[in-house]
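What follows draws every value from the coordinates through simple rules; no lab data is involved. Everything quoted here is computed from the prediction, not taken from an experiment. Neighbour counts are summed over all protein chains in view; Cβ atoms, including those assigned to glycine, are modelled from backbone coordinates with ideal geometry.
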Amino acid sequence: MERAIKTFTIANGQQTSDELSMGQGQLLGLFMPGTFTGTAITFLASDTSGGTFVDVYDVGGASAYSLTVAASRFIPVDPRVFVGFSFIKIKSGSAEGGARSVKASVRPVS
């Protein structure tokens, strides 16, 4: 099964990315750009494009799903968390000092 690369974009001075359609895919991990300054990422999900985005919680539902991140790294995710919604955003723990493109590795799900 081939994977696809999709891109989240966080605008200059912002924390939250644009929405990314997952289509029939499942998020596997993030390729962090060398200029990324945040140290944590959380996720927001919606069932419709332009809809209301809500926090994504971990599998146990106890807390928001969060990843520790750093520049120039691949950060794997728990794919079980990313099932059941169509649109996703990422949120940096701090405002980014420039526009940032974070690449997402996505596996097709049939």
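Dividing the convex hull volume of the alpha carbon atoms of the stretch 1-46 by its residue count gives 98 Å³ per residue.
Projected label points at Arg107 and Phe74, each 7 Å from Cα along the beta carbon direction, are separated by 1.3 nanometres. Just so you know, the Cα atoms of the stretch 69-110 work out to an Rg and Dmax of 12.5, 38 Å.
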